[in-house]
Amino acid sequence: MDTSKRVRTRFAPSPTGFMHIGNLRTALFAYIIAKKYDGDFILRIEDTDRERYVDGAVDKIYETLRACGLKWDEGPDIGGPVGPYIQSERMGTYKQYAEQLIESGHAYRCFCTKERLDELHRQQQEQKVSNMVYDRHCLGLSEEEQQRLLDEGVPYVIRQKMPTEGTTTFKDILYGDITVENALLEDQILIKADGMPTYNFANVIDDHLMGITHVVRGNEYLSSAPKYNLLYQAFGWDVPEYIHVEHIMRDAQHKLSKRDGDAYFGDFTDKGFYIPAIINYIALLGWAPKGENEIFSLEELVREFDISGLSKAPAIFDIAKMTAINAEHLQKRLTHDEFKKLALPYIRQSCKREDIDIDVLVDAVQPRTKLFTDIPEMVDFIDKMPEYSTELYTSKKMKTNPQTALEALKLILPVLEAVDEWNTEKIHEAVFAEIERVGVKNGWMLYPLRVALSGKALTPGGGIELADILGKEETLSRINDAINKLSE
């Protein structure tokens with residue numbers, strides 16, 4: 001990859017809805033490449049497709065990129081030396097360059113109606129033409145005929161005039177040199193009848209005028225790259241370096257589906273994923289670090305990134321792996337205070353009590369949280385004991401049943417009543433002293449305590465931590481209730 005010039009990358013989304021994971025990965029790679037080489041990351045809004053424009057989508061783009069830490073150096077909201085950074089505000093620029101191509105013989109006006117083009121397409125289908133392209137009908141119009149049509153106000157588009165012989169070769173950092181026969185290239189439309197540029201034209205003009213040195217995009221644009229190169233050559237401009245990244249797939253045959261609720265960034269935050277973990281995971285979709293470690297912050301990704309780690313193979317999306325990476329971030333990468341700040345809204349969904357030690361609860365919850373959305377159900381017993389069957393006291397592993405549980409709780413009740421300084425350490429000392437005195441396994445006494453205090457077999461922390469979280473009065477009350485329940 002050439003980094004002799006200042007590296008300038010761009011993310012150029014269309015404001016047509018929420019941020020797709022594939023688009024976010026493109027933005028991430030563009031950001032990382034710019035920052036890896038102390039370059040510039042530019043945000044450009046490509047809003048020329050007015051039919052698909054969604055109100056509020058631009059704000060959603062800003063919101064998502066900011067949440068992910070992908071701070072742009074130039075963009076619509078902060079400006080920059082090569083603005084404006086919204087395509088609809090650059091309209092005069094595109095027509096000017098298209099007219100320049102007409103003058104140099106690299107483009108021409110096409111006055112064909114939709115009906116004529118539909119009929120041409122139908123005939124080509126009937127004739128089973130392998131390469132169905134525009135037949136260049138308007139390329140043969142005389143200047144006089146063109147002027148007559150212009151004077152009459154006949155709508156027209158501007159088409160790129162492709163060479164019909166030879167080949168065009170373009171270089172991609174991942175795929176190497178790719179050569180195509182020019183005869184296969186259609187005279188693509190540059191300016192539509194409404195005066196709006198097509199994506200394929202506007203992005204070339206904008207990338208050049210904004211000094212973009214490296215273009216990161218999905219490999220669905222590989223087939224368009226020769227057309228881009230011919231435009232750069234027609235203008236006499238330097239061609240940026242291309243990096244076409246592979247698709248993200250649900251499995252070997254299917255792309256991520258928007259219908260399945262697993263394709264948008266917001267889908268994952270709604271499901272309780274931590275944003276830095278999302279960024280961490282999508283970086284691994286198509287890129288492999290050199291070492292064994294796969295857990296990275298954004299800053300670490302910038303340091304670790306190497307272009308050689310990018311893959312030409314489709315990236316298979318694995319929700320289990322993403323969840324494991326999320327758990328690693330939540331459980332091991334966040335400090336107590338960081339986790340507390342993020343987890344508290346989820347805790348408060350089901351735990352409203354203010355008289356509990358929230359820090360003890362957070363310490364119990366953090367090592368057991370894979371997703372933030374795990375938390376409400378994990379702590380819902382604190383405000384109110386759930387209904388449960390006494391069969392819950394039966395555990396083969398702990399060698400307990402309702403009868404042994406009743407015996408254990410009757411032994412533990414006076415022990416806890418005698419604890420003066422109520423904290424995890426003192427409760428632990430008292431309970432384990434009783435375990436040693438009675439001569440039983442730890443679980444024989446601790447498992448019934450857990451169930452009695454939570455009505456659950458699995459909880460954040462064991463019975464001793466739960467006792468500390470609930471407080472002495474609530475703990476003794478619940479044990480008494482459990483004894484009565486088991487005595488019925």
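List of remarks:
- Identified option (computed volume of the Cα convex hull per residue in Å³; candidates (1) 261; (2) 174; (3) 203): (3)
- Dipole magnitude for segment 1-118: computed about the Cα centre from +1 point charges on Lys and Arg Cβ and -1 point charges on Asp and Glu Cβ, it is near 340 debye.
- Rolling a 1.4 Å probe over the protein heavy atoms gives segment 1-141 an accessible area of 50 Å² per residue.
- Treating r as the C-beta distance of LYS271 and ILE178 and R0 as 51 Å, the FRET efficiency rounds to 0.85.
- For segment 449-488 versus segment 206-258, the spacing of their alpha-carbon centroids is 60 Å.
- For segment 385-488, the Rg and Dmax computed from alpha carbons only, in angstrom: 12.2, 34
- A simple charge model with +1 on the Cβ of Lys and Arg, -1 on the Cβ of Asp and Glu and nothing else charged puts the dipole of the chain at about 800 debye relative to its Cα centre.
- Only protein atoms count toward the accessible area here, which uses a 1.4 Å probe; on the chain, the carbon and sulfur part of that area reaches 48 percent.
- Put a dot 7 Å past the Cα of ALA433, heading toward its Cβ, do the same for TRP237, and the two dots end up 8.1 nm apart.
- Two-site FRET efficiency, LYS472 against LYS341, from Cβ-Cβ distance with R₀ of 41 Å, rounded to 0.05: 0.90
- Helical mean residue ellipticity (222 nm; -39500 (n - 2.57) per DSSP H run of 4+; nearest 500) of the chain: -13500 deg cm²/dmol
- Under the Karplus curve 6.51 cos²θ - 1.76 cosθ + 1.60, θ = phi - 60°, whole-Hz ³J(HN,Hα) for segment 114-130, x wherever Gly or Pro sits: 4, 4, 5, 5, 5, 5, 4, 5, 5, 5, 5, 5, 4, 7, 6, 5, 6
- Solvent-accessible heavy-atom area per residue, rounded to whole Å², over segment 165-291 at 1.4 Å: 40 Å²
- Inter-label distance, nm, simple model (7 Å from Cα along the C-beta direction), GLU144/LYS370: 7.8 nm
- With R₀ set to 51 Å, the beta-carbon distance separating THR16 from ASN423 gives a calculated FRET efficiency near 0.35.
- Rounded to the nearest 10 square angstrom, TRP422 shows an accessible area of 50 square angstrom against a 1.4 Å probe.
- Among MET249, MET132, the sequence by solvent-accessible area, most first, with a 1.4 Å probe is MET132, MET249.
- Only beta bridges with both residues in the chain are counted; by DSSP, about 55 percent of them are antiparallel.
- Checking Cβ-Cβ separations below 4.7 Å across the chain identifies CYS68, CYS112, CYS351 as cysteines lacking any candidate disulfide partner.
The values are calculated or read from the model by the stated rules, or taken from the named source; none is laboratory data. Values in this document were obtained by computation on a predicted structure and should not be read as measured data. Backbone-built Cβ (ideal geometry, glycine too); neighbour counts: all protein chains shown. The area values use the complete protein model at the heavy-atom level, side chains included, leaving out ligands, DNA and RNA. Shrake-Rupley method; radii C 1.70, N 1.55, O 1.52, S 1.80 Å.
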